[in-house]
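As structure tokens, the structure follows; a few thoughts come after it.
Derivation of every value follows stated rules applied to the coordinates shown; laboratory data play no part. On a predicted model such as this, the values are computed, not experimentally measured, just so you know. In this analysis, Cβ positions are derived from the backbone assuming ideal geometry, glycine residues included, and neighbour counts consider all displayed protein chains.
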Amino acid sequence: MYHRIIYCAIVCLLVGVNSSAQDLPSNRLKPGTLYHPGDSVKSPRLGLSARIPEGWEGVLPRDTEVFLLMPNTNIVGEMFIVVNEKLDLAGQRKRWEAGAELAPGLKLQVDGGITVRDGDILSANGKAVGAQANAQNRAYLEARCSPHGFCVVVLAITDNASLERVKQGLQAFMSSTSFKKPSTDSPYKNFDWKPFLSGKILLGINQEEGGTKEDEVDLCSDGTFESRITRTGVFKGQAKGYQGKKRGTWDVKSNGEKATLTFTFEKLDPVEIELLAKDEEIYIKGARYFVGESERCKK
């Protein structure tokens, strides 16, 4: 019950996970996605980056805004990542000294003094007091503040047996945090669509009366394509003749979250279509399309 109350009481701002050159950029954690030890996480809006510590995994549970770190070993405990905006280290210290009411009859207080680790990280043991407090639980907190006006706080809840190992994981996470100037740029600002689409298949699926209709376009790395269109789909608005199996060459021009994809056919007029990336999904003319590895291009 104590864990659940704390879980519901803590609210954090979301961070994002680094993407490779072959993935769509991401600027926030995805609900329900599990992040593994060593994964780098970042928030361009805050200019914050950190790394998931060894022995721990992270998840953003669905329908919440609480980022949770859980052990993947026999350690007992949980960590909660909190961002307190418009706060500096002195303000964060005062907040800890005042204690935090988590629920009626339950308050989290610093147990002993507040120390400074590595020059700029506040550290403190914590304890719960009140009618609903569980005497078997232990708390440990650390905070590090950005020069751009916010503090990152990690709260760990554990038991006596696991306290030291939980502290090690928490300290590793906090030591990995770094700050740079916050950015309001789109995560797609410098996105290169060409390597993202090369060797991929664009797949559009539509459930219609009488069966499933699919559009498939293989975009091979050598600049050739093969399309198999069962409805107007990706070439909607074009003259007749584009349905069925067609071949030709393709190219793409990047423009942030948008891209212009040009198809040059062997016996038909060229076609240009616009792709839109929105919330890490691809849309063509308002319809959702899926991107996957092309098996046909590998043959």
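Some notes on this structure:
- A simple rule links phi to the HN-Hα coupling: the Karplus curve 6.51 cos²θ - 1.76 cosθ + 1.60 with θ = phi - 60°, which for the range 288-299 gives 6, 10, 9, 10, x, 5, 8, 6, 5, 5, 7, 6 Hz, with x for Gly and Pro.
- Cleavage-rule hits, trypsin sites (Lys or Arg not before Pro), the range 65-143, DSSP coil, Cβ neighbours within 10 Å at most 16: K86
- For the residue pairs K180/K200; K180/K278; K278/K299; K42/K298; K181/K285, the C-alpha atoms sit more than 29 angstrom apart in K180/K200; K278/K299; K42/K298; K181/K285.
- Set of aspartates and glutamates with alpha-carbon distance to K258 below 18 Å, sequence-local pairs under 8 removed: D23, D185, D192, E272, E274, D279, E280, E281
- Distant-in-sequence amide contacts of F191, defined by a placed amide H-H separation under 5 Å and a gap of 5 or more residues or a different chain, comprise G256.
- Anchor K267: lysines whose Cα lies under 22 Å away (excluding residues fewer than 8 positions away in-chain): K236, K240, K245, K246
- Calculated FRET efficiency, Y283 to N72, Cβ-Cβ distance, R0 = 30 Å: about 0.25 to the nearest 0.05.
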